[in-house]
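Have a look at the structure below before the remarks.
The values are calculated or read from the model by the stated rules, or taken from the named source; none is laboratory data. This structure is a prediction, so every number in the text was calculated from the model and none was measured. Cβ atoms come from the backbone with ideal geometry, glycine included; neighbour counts cover every protein chain shown.
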Amino acid sequence: MPDLSLVGFRVLREVAARGSFTAAADTLGYTQSAVSRQIATMEAAAGAPLFRRASRGVRLTESGRVLLRRADRVLDEVEAAQRELSGVRESATGRLRVGAFPTAVAALLPRAVAAFRVHHAGVEVSLREGTTPGQLRRLGSGTTELAVVGTLPGQPLSADRLIVEPLLDDPLLLAVGLGHPLARRGSVDVGDLAEELWIAGSTNPHDTFLGAPYAVDWEPRVAFVAREWTAKLGLVAAGLGVTLVPGLAATAVRDDVALIRLRAEAPVMRSVLLATRSGGEQAPHVRAFADELHRAAGELALTLQRRIEDR
């Protein structure tokens with residue numbers, strides 16, 4: 001007895017839709033005799049007639065309706081598999097544009113990119129460093145596929161038309177030189193830092209806390225202004241002031257600088273998030289990179305915890 005086949009299912013569905021062997025043959029690009037042979041084979045496999053012949057076309061029998069329902073399901077699954085395979089082939093080559101704020105580029109992105117390339121060597125990954133507002137604008141305009149962004153408490157992220165996923169919590173830490181009286185402390189209260197000299201990114205005292213909402217009744221005294229982390233930490237190591245650094249920067253902090261946890265009424269943790277555009281299905285390589293980011297974030301969180309404890 002012959003077997004049911006995908007070709008037979010397609011012919012069955014087309015004949016049922018068109019109500020005619022001739023019309024089905026025209027649509028499929030077959031001859032009428034080829035369509036007739038396929039239906040005959042399917043009827044032999046089913047053990048029953050699938051169509052009633054009439055002067056104005058053909059109609060499904062009860063057996064034909066049963067088989068058509070199954071044929072629709074099978075063909076839908078086959079077509080879905082073909083679409084997924086096509087997506088996999090397309091994701092094997094191409095370009096992935098990723099944005100992130102600077103310390104995420106330094107600490108988190110390298111791990112994710114390296115892991116991603118193991119299985120997606122044909123995809124070119126480009127990185128765009130910048131602030132969180134800038135990354136969100138690029139994501140909204142379609143110039144990046146995904147972005148790693150950060151938010152502080154009380155500074156909610158505008159997530160219109162975005163899908164936002166948490167990656168990790170990033171604490172702010174106090175950096176001091178090894179000769180500083182606080183260098184051997186495991187933690188310090190923010191309120192006890194009023195007499196410190198600060199290394200900041202600008203002359204604005206409020207920039208000293210990197211935007212963190214600390215409630216203090218004193219104004220930081222900015223001793224030196226330096227925008228680059230290497231310069232800031234060089235000044236700190238020389239004992240010329242203290243500064244705040246994100247936890248993500250801990251892996252790159254030089255050995256002559258100590259990192260200290262900050263105590264406050266509400267400990268300040270920057271939320272590191274993955275943002276992608278909503279609406280429509282994500283391309284397979286975008287989702288694959290997102291998965292690598294989640295794995296890298298989990299590993300990095302443990303590494304940062306150990307690094308801070310060791311210091």
Residues of the range 96-119 being crowded, with 21+ Cβ neighbours inside 10 Å and not aliphatic (A, V, I, L, M), in sequence order, are 99, 101, 103, 116
Would you pick out the residues in the range 53-72 that are loosely packed, with under 12 Cβ neighbours inside 10 Å and modelled with pLDDT of 90 or more? 62, 69
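When you check residue 45 against the structure, is it exposed (fewer than 13 other Cβ atoms within 10 Å of the Cβ) and either modelled with pLDDT of 90 or more or not assigned by TED's automatic domain parsing to the domain that holds residue 285 (or both), yes or no?
So residue 45 fails the test.
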Among the residues listed as 281, 292, the single one being modelled with pLDDT under 90, of a type in the set (Asp, Glu) and either over 30 Å from residue 95 (Cβ atoms) or in the same structural domain as residue 100 (by TED's automatic domain parsing) (or both): 281
Starting from residues that are surrounded by 14 or more Cβ atoms within 10 Å (Cβ to Cβ), of a type in the set (Lys, Arg) and out of contact with any Leu (no Cβ under 6 Å at 6 or more places or on another chain), keep the ones in the range 227-276 and report whichever is nearest to residue 171 (Cα to Cα). 261
When residues of the range 97-135 are limited to those that are assigned to a loop (DSSP other than H, G, I, E, B) and under 21 Å from residue 173 (Cβ atoms), the one modelled with the lowest pLDDT: 131
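To keep it simple, each residue is scored yes or no on (1) among the β-branched types (Val, Ile, Thr); (2) modelled with pLDDT under 85.
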residue: 216; (1), (2): yes, yes
residue: 230; (1), (2): yes, no
residue: 241; (1), (2): no, no
residue: 248; (1), (2): no, no
